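In what follows, a single structure is set out as structure tokens and then discussed.
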Amino acid sequence: AISLDSAAASNFTTSAGALTLDGDDGVNIVGNTGEIDITTSGALDLNSGAFTLNGSTVGIDGSGAMTIGGATIDMNADGGAISIDGSGGINIGTDANVAVDFNASTLDIDATGALTMDSGAGVSIQGGAASDFTTGAGDLSLTSSAGSVKITGAEAAADAIVLDASNASGGIDL
């Protein structure tokens, strides 16, 4: 066994070639309360079997593109939220035509511009309680380009379907 100890800052340097630390049972680097600094102007290549990164806070920043890949990716924020921001946009499922599934106790979608939803097949929006579809300004159009428009009120009441033009100057054109 070899032990190198120093009472002050020290270095172990090669004037040419790589410096290799090889431990049969691993390599331990301990910074105690100080920083562990790995600096290079070349690439940093970490290879391992299972990889675990733990920190009280973790920041990963790059000046170029960042790619995270795996057979599956599982993100959890225990006790907090997952925030995704992109100054050029946020794209989900755009690399290939794949299913995207959202399950939530509450889903809130806000857009300061237009909200466009297109489907190559049917569209179904279903609420479990009284619901509304409202525009704050302008007309609301419900159009079927190649079929009929069906409005069904399944309530057993005389006013199961109500058409209401509430403005005094308004009317209903059938």
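The values are calculated or read from the model by the stated rules, or taken from the named source; none is laboratory data. The structure presented is a predicted model; accordingly, all values stated were derived computationally and were not measured. The protein model used for the area step is the full one, side chains on, heavy atoms only, and it has no ligands, DNA or RNA in it. Shrake-Rupley method; radii C 1.70, N 1.55, O 1.52, S 1.80 Å.
Quick notes on this one:
- Chain lengthening between Ile73 and Lys150 when straightened (0.36 nm per residue, less Cα-Cα): 23.4 nm
- Rolling a 1.4 Å probe over the protein heavy atoms gives region 35-88 an accessible area of 102 Å² per residue.
- Computed over the chain with a Gaussian network model linking Cα atoms closer than 10 Å, the most mobile of Ser145, Ser15, Ser124 is Ser15.
- In the elastic network of the chain, a GNM with C-alpha springs shorter than 10 Å, the most mobile of Val98, Val162, Val58 is Val162.
- Overall dimensions of the chain, expressed as equivalent-ellipsoid semi-axes from the Cα gyration tensor (√(5λ), whole Å, largest first), are 64, 18, 17.
- Put simply, the convex hull of the Cα atoms in region 53-127 casts, on average, a shadow of 8.5 nm².
- Counting protein heavy atoms only, the chain has 49 percent of its accessible area on carbon and sulfur, 1.4 angstrom probe.
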